[in-house]
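Step one of this worksheet: look at the structure below.
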Amino acid sequence: MPYRIYLVEDEQNLNQLLATYLQNEGWDVTSFLNGGDARQAIARQPDLWVLDIMLPDVDGYQLIREIKAQAPDVPVIFISARDAELDRVIGLEMGSDDYLPKPFLPRELVIRVKRLLNRVYNVVSNAVEAGNVLHIAPYTIDETKRIVTRDGQEIELTSKEFDLLLLYAKNQGQAFAREQILRRVWGEDYFGTDRVVDDLVRRVRKKMPELRIETIYGYGYRMVQI
């Protein structure tokens with residue numbers, strides 16, 4: 001069965017263009033020109049939503065609240081022509097999985113949809129967990145021994161570097177705010193600047209360059225599949 005994608009975009013020409021690109025990938029696409037019609041379809045629970053934030057009636061923020069209330073695990077991609085940084089942060093806080101600022105190429109949306117579907121529904125996975133060992137090509141992470149190797153050679157990591165790596169290895173694709181990373185790696189009792197997170201990420205990137213840890217400006221980081 002093809003994946004079912006619901007597209008909500010009030011610009012009719014853009015709606016038709018994006019729907020055509022998505023349908024060409026073999027996906028079952030239902031498009032909506034306003035939030036009210038999309039709201040009526042939430043209960044049908046598609047495999048993925050593509051939501052424009054600025055809609056003439058019910059906006060994307062209200063829609064994602066209602067979508068996540070009924071199906072918290074369904075992935076959502078936000079698109080918007082407004083303040084990119086503000087919309088990105090608000091969208092992530094509300095549960096969106098990705099964000100595309102307008103204008104963008106339709107092919108970019110296709111790539112992001114494909115990557116998100118693969119990640120969420122485990123069509124392609126570069127991480128295979130076996131016991132306490134994680135394999136994220138080309139790295140092997142032994143959680144029990146707290147050792148990371150590549151091609152049999154150990155990569156020396158500090159305790160905090162290993163904790164950060166483990167956090168992302170177990171939560172590929174999930175975005176973490178700096179404050180969340182501080183709590184997970186340094187603990188609830190940490191007092192100090194959150195810029196230590198940036199330095200920690202920089203060190204892990206340097207030691208493990210094949211990892212893809214993306215910066216979400218104004219928010220934090222996430223690790224995506226290679």
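The values are calculated or read from the model by the stated rules, or taken from the named source; none is laboratory data. Just so it is clear, the model here is predicted, and its values are computed rather than measured. Positions of Cβ are backbone-derived with ideal geometry, glycine not excepted, and every protein chain shown enters the neighbour counts. All accessible areas refer to the heavy atoms of the entire protein, side chains included, with ligands and DNA or RNA removed. Shrake-Rupley method; radii C 1.70, N 1.55, O 1.52, S 1.80 Å.
Derived from the Cα gyration tensor, the three semi-axes of the equivalent ellipsoid of the stretch 32-79 are 15, 11, 9 Å, largest first.
Just to be sure I understand: with springs between alpha-carbon atoms less than 10 Å apart, which residue in Glu210, Glu143, Glu188 has the highest mean-square fluctuation in the Gaussian network model of the chain? The residue with the greatest mean-square fluctuation here is Glu188.
Using the Karplus relation 6.51 cos²θ - 1.76 cosθ + 1.60 with θ = phi - 60°, the per-residue 3J(HN,Hα) values for the stretch 139-149 come to 9, 10, 10, 9, 5, 5, 7, 6, 10, 10, 10 Hz, with x marking Gly and Pro. With q set to 0.11, 0.18 Å⁻¹, the log10 of I(q)/I(0) for the chain, from the Debye formula over equal scatterers at the Cα positions, is -0.62, -1.27. Per residue of the chain, the DSSP helices (runs of n ≥ 4 H) give a summed -39500 (n - 2.57) that works out to -11000 deg cm²/dmol at 222 nm. Contact order for the chain, expressed relative to its length and based on alpha carbon pairs under 8 Å spaced 6+ residues apart, stands at 12 percent.
How much length, in nm to one decimal, is gained on full extension between Glu143 and Asn13, taken as 0.36 nm per residue of separation minus their Cα-Cα distance?
Details: separation 130, 0.36 × 130 = 46.80 nm, distance 5.06 nm.
Roughly 41.7 nm would be gained on extension.
Within the set Lys170/Lys206; Lys160/Lys206; Lys114/Lys160; Lys145/Lys207; Lys114/Lys206; Lys68/Lys102, which residue pairs have Cα atoms separated by over 22 Å? Among Lys170/Lys206; Lys160/Lys206; Lys114/Lys160; Lys145/Lys207; Lys114/Lys206; Lys68/Lys102, the Cα-Cα distance tops 22 Å for Lys114/Lys160; Lys114/Lys206; Lys68/Lys102. Across the stretch 13-19, coupling constants 3J(HN,Hα) worked out from phi with the 6.51/-1.76/1.60 Karplus curve, θ = phi - 60°, read 5, 5, 4, 5, 5, 5, 4 Hz, and Gly and Pro carry x. The calculated FRET efficiency for the pair Asp73 and Lys114, based on their C-beta separation and a Förster distance of 25 Å, comes to about 0.85. For the chain, the fraction of 1.4 Å probe accessible surface lying on carbon and sulfur atoms is 48 percent. Compute the separation of the alpha-carbon centres of the stretch 1-36 and the stretch 164-218 and state it in Å as a whole number. Measuring centre to centre over Cα atoms gives 35 Å.
The phi torsions of the stretch 201-209, fed into the Karplus equation with coefficients 6.51, -1.76 and 1.60 and a -60° offset, translate into couplings of 4, 4, 5, 5, 4, 5, 7, 10, x Hz, rounded to whole numbers, with Gly and Pro shown as x. Using a Förster distance of 25 angstrom, determine the FRET efficiency expected from the C-beta separation of Asp59 and Tyr121, and round it to 0.05. So the FRET efficiency works out to roughly 0.35. Comparing Arg178, Arg146, Arg115 in a Gaussian network model of the chain where C-alpha atoms under 10 Å apart are linked, the largest mean-square fluctuation is found at Arg146.
Rank these by accessible area, largest first, 1.4 Å probe: Trp27, Trp186, Trp49. Intermediate results must be reported in sequence, preceding the final value.
Numbers: Trp27 30, Trp186 65, Trp49 5 Å².
Order by accessible area, largest first: Trp186, Trp27, Trp49.
Only protein heavy atoms count here; on that basis, with a 1.4 Å probe, Asp28 has an accessible area of about 70 Å².
Both the radius of gyration and Dmax for the stretch 99-226 are 15.6, 47 Å, in that order, over alpha-carbon atoms.
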